[in-house]
Structure formats: C-alpha cells, structure tokens
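The values are calculated or read from the model by the stated rules, or taken from the named source; none is laboratory data. Quick caveat: nothing in here was measured; it's all calculated off a predicted structure. When we count neighbours, we look across all protein chains shown, and the Cβ atoms used for this are built from the backbone with ideal geometry, even at glycine.
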Amino acid sequence: MVAVNFSQVHKHYGNLQALRGVDFEIPKGCFFGLLGPNGAGKSTLINIMAGLVRATQGNVRILGYDVRHQWRQARHALGVVPQELVIDPFFTVSEILRLQSGYFGHGRENQPWLDELLQTLSLSDKANTNSQQLSG
C-alpha cells in the first residue's frame, strides 16, 4: 500500500515556480527523508502534503485520501513535526498534546487516549514538564 503519493504536483507563487511536476510515492511502513538545498521546495512539499498550502496543479494522496477533497481523512492519517516549534515553551507536554488534538476536533474527552499515548511512548513522567525543559 502507498502511504503518500504525489502526482504531477506544481506550485506557483506568482511568477515563482516552487514545484514543477513532482511525482513520487512513499510505501506504507517506509522511513523517508526529504533533503535539498534552501529554496528547493521541501517546505512547500510538506505544506501541500499537510493540506496547509494548495498545489497549483496535480494530486496528493495520504493513504489514498485526496488532501484537497478528503482533507479531514488525510489530516487524520498524517502527523507533521515542524523543524522549529512555534509552541509556547511554557506549555507542558500534556497541554501541547491537548492543543494539537484540538486541531482534529478532539476536546478534553480525548484525555484518556492522550494519557495512553504518553504511557505507550514511555513519556508519562514528562506529562507535566514544560517543553522548554525537553531536549531536541
């Protein structure tokens, strides 16, 4: 099964062509790295994949879901961790997880699952730690 599929993706910002005919697939269960020099279009690719930016042309699918037309399902199947976090460093790990799950329509009723997630990742002891105290 294909986890991520880019098909003839183009992106223009005015006269600037950021992406031209990008085609690639990432198989499910595969680790994938996106490398390139500044201005190569890496952030644009990620933002299109996450549904934060619309491609000028082409299609992107996450686990078969079209990021433009089935954005809710595609976002549910995808997680993105930015290089530079833009989260208040004084939020705790639990507060950040609650905030992030809110982007997907989950409220406080989701707390038991978040607690389970922290336990599964052996991070329960960090739940009330401020993010600025964590190492990168």
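Overview of values
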| read-out | value |
| --- | --- |
| Scan of the range 54-91 for residues that are farther than 17 Å from E25 by Cβ, assigned to a loop (DSSP other than H, G, I, E, B) and modelled with pLDDT of 90 or more, ordered by number | R54, T56, R68, H69, Q70 |
| Failed condition for G51, given (1) of a type in the set (G, A, S); (2) outside any loop (DSSP other than H, G, I, E, B); (3) touching a residue at least 12 places away in the same chain (Cβ under 8 Å); (4) surrounded by 15 or more Cβ atoms within 10 Å (Cβ to Cβ) | (2) |
| Any hit, the range 11-27, residues being more than 15 Å from the chain's Cα centre (by Cα) and either in contact (Cβ under 8 Å) with a residue 60 or more places away in the chain or under 30 Å from D125 (Cα atoms) (or both) | no |
| Qualifying positions in the range 85-131 - over 25 Å from R75 (Cβ atoms) and in contact with a Phe, Trp or Tyr (Cβ under 7 Å, 6 or more places away or on another chain) | N130 |
| Residue match in the range 11-33 (condition: in contact with a helix residue (DSSP H, G or I) (Cβ under 6 Å, 6 or more places away or on another chain) and either under 30 Å from S135 (Cβ atoms) or exposed (fewer than 13 other Cβ atoms within 10 Å of the Cβ) (or both)) | no |
| Count of residues meeting criterion [part of a loop (DSSP other than H, G, I, E, B) and surrounded by 12 or more Cβ atoms within 10 Å (Cβ to Cβ)] in the range 35-48 | 2 |
| G58 vs. criteria touching a Ser or Thr at 6+ places or on another chain (Cβ under 6 Å) and small (G, A, S) | yes |
| Scope the range 1-34; condition closer than 20 Å to G79 by Cβ and assigned to a loop (DSSP other than H, G, I, E, B); matching residues | M1, K28, G29, C30, F31, F32, G33, L34 |
| Tally, over the range 115-136, of residues that are closer than 12 Å to F91 by Cβ and β-branched (V, I, T) | 1 |
